[in-house]
1. Restrict the check to segment 67-74 and report whether at least one residue is within 22 Å of Val173 (Cβ to Cβ) and of a type outside the set (Lys, Arg).
2. Residues of segment 328-342 being outside any loop (DSSP other than H, G, I, E, B) and of a type in the set (A, V, I, L, M, F, W, C), which ones?
3. Would you point out the residue of segment 268-305, among those that are without any contact (Cβ under 8 Å) to a residue 40 or more places away in the chain and assigned to a helix (DSSP H, G or I), that is surrounded by the most Cβ atoms within 10 Å (Cβ to Cβ)?
4. Across segment 62-80, which residue is least open to solvent (accessible area, probe 1.4 Å) among those that are part of a loop (DSSP other than H, G, I, E, B) and within 29 Å of Tyr41 (Cβ to Cβ)?
5. Kindly check whether there is at least one residue in segment 164-176 that is within 22 Å of the chain's Cα centre (by Cα), free of Cβ contacts under 8 Å to residues at least 60 places away in the same chain and buried (at least 23 other Cβ atoms within 10 Å of the Cβ).
6. Looking only at segment 106-127, decide whether some residue is outside any helix (DSSP H, G or I) and either touching a Leu at 6+ places or on another chain (Cβ under 6 Å) or closer than 16 Å to Leu172 by Cβ (or both).
7. Just to be sure before I move on: is Ser414 within 20 Å of Gly100 (Cα to Cα), part of a loop (DSSP other than H, G, I, E, B) and open to solvent by 10 Å² or more (accessible area, probe 1.4 Å) in the structure I sent?
8. On the basis of being of a type in the set (S, T, N, Q) and open to solvent by less than 10 Å² (accessible area, probe 1.4 Å), does Thr182 make the cut?
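The values are calculated or read from the model by the stated rules, or taken from the named source; none is laboratory data. Keep in mind it's a predicted model, so treat the numbers as computed, not measured. Quick reminder, even Gly has a Cβ in these numbers, built from the backbone with ideal geometry, and neighbours come from all protein chains shown. We work out accessible area using only protein heavy atoms, side chains counted, and drop any ligands, DNA or RNA first. Shrake-Rupley method; radii C 1.70, N 1.55, O 1.52, S 1.80 Å.
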Amino acid sequence: MKKTRFGNDIKTVIVFIISLLFTVNACSEDNKEQPVSDRQYWCDMAYKISHPVLDALSKGELKKLMPVEQQKDATGREHFAYLEALGRLLCGISPWIESGETAGKEGKQRAELTALALKGIRNAVDPASPDYMNFTEQHGRQPLVDAAFLAHAFLRSPKVLWGGLDKETQKLVIEAMCLSRTIEPYESNWLLFSAMIETFLMETGEEWNYERINDAIVKHEQWYKGDGLYGDGPEFHWDYYNSFVIQPMMVDIARILVKHNKMEERQCAEIIKRSVRYSAILERLISPEGTYPAIGRSLAYRMGAFQMLSQTALQKNLPKEVKPAQVRCALTAVMKKQMTAPGTFDDNGWLKIGLYGAQPAVGEGYICTGSLYLCSVALLPLGLPASDEFWSAPAEAWTQVKVWTGHDFSIDHSIN
């Protein structure tokens, strides 16, 4: 091979050019900000999603400012949209409110949202507020759903979100929850909404109905299909409702029942075992590009499809073959792919209907702007401290990245 003035062959020239490029790039990077950590990226996303809702509600202006986007053939969603936005949003960010970092940019974001949330909750349950929300069967059964999401949020943040309310506001919340008890649930995942409200009342020392909780648990045991999946009612449906509702609520209700000696630990352990298996399945559904199958209804809930995976990470129950860092990296990839798509937010920061950007046709008749805030439940691991392995471990490839780059990966196995 021909020699060069560098005293070596062409390979030396290539190495020299590459090293020079790296040197130039390093110098140029000196004047740039350091890259944002995964955790701060998640915090920024939580703030972006949350602030328009909580800021408006804290001022008693949510009904005035929040648009209610819905299908043209759907009407009346404005009767439910505001409780949907509040309950679903807080259900996702409540672990962060409960135990997030207190210093730096994250600390300021968390403190601001917490203060806004506490003011907003008061406006949501105070009959004298212009933002007083519908918790009754007036106009339809939907309030049962989102009262349950709000109850779940309080259970996920008992000290800061629930404990941060004054006694009068807590009393108003209890009264609002009790109003929703007049709504009869459908024979589906809706049974868990009634059960969640009763579980919240039990945990707060109020009078509660055991039969509503037991009925939800027994029915879902009957609807269990095997290998970590429940039917939504007697039949199985290919969708993400095992993650949107069923398994997160089953796990948290079971844990509280055990705490109050209302369920045997072995039954709770079986429910958790199924949720761990389902979490392993969810992790494997995330492609190397951060996409996932668009299967079933309610796709407008976006990354909320991964609530059970996020909750399993939060509760440190991931299967042994799934490392916390690979879940962090997989969910970050989903978030960056999906939530930054053009059209995901309108010009004022409100979420738009869609799976990837603005896709109005993705919204079924029961979907509106408020519904979309269930995406926040993917953010549950923010409740883990920054020092936790989930956040502090080096980046790690998730399963589908390992598969499609030719690396070894764990073989998948069903459970009995």
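1. Initial filter on segment 67-74 (within 22 Å of Val173 (Cβ to Cβ)): none.
Scanning segment 67-74, I find no residue that is within 22 Å of Val173 (Cβ to Cβ) and of a type outside the set (Lys, Arg), so the answer is no.
2. Pass one, segment 328-342, residues outside any loop (DSSP other than H, G, I, E, B): 328-338.
Passing the criteria: Cys329, Ala330, Leu331, Ala333, Val334, Met335.
3. Leu282
4. Going through segment 62-80, the residues part of a loop (DSSP other than H, G, I, E, B) turn out to be 66-69, 71-76, 80.
Add one more test, that the residue is within 29 Å of Tyr41 (Cβ to Cβ), and what stays is 66-67, 69.
Working: Met66: 8, Pro67: 50, Glu69: 41 Å².
This residue is Met66.
5. no
6. Just the residues of segment 106-127 that are outside any helix (DSSP H, G or I), to begin with: 126-127.
Next, from what is left, pick out any that are either touching a Leu at 6+ places or on another chain (Cβ under 6 Å) or closer than 16 Å to Leu172 by Cβ (or both): 126-127.
The answer is yes, given that some residue of segment 106-127 is outside any helix (DSSP H, G or I) and either touching a Leu at 6+ places or on another chain (Cβ under 6 Å) or closer than 16 Å to Leu172 by Cβ (or both).
7. Working: within 20 Å of Gly100 (Cα to Cα): no; part of a loop (DSSP other than H, G, I, E, B): yes; open to solvent by 10 Å² or more (accessible area, probe 1.4 Å): yes.
It is false that Ser414 is within 20 Å of Gly100 (Cα to Cα), part of a loop (DSSP other than H, G, I, E, B) and open to solvent by 10 Å² or more (accessible area, probe 1.4 Å).
8. Numbers: of a type in the set (S, T, N, Q): yes; open to solvent by less than 10 Å² (accessible area, probe 1.4 Å): no.
No.
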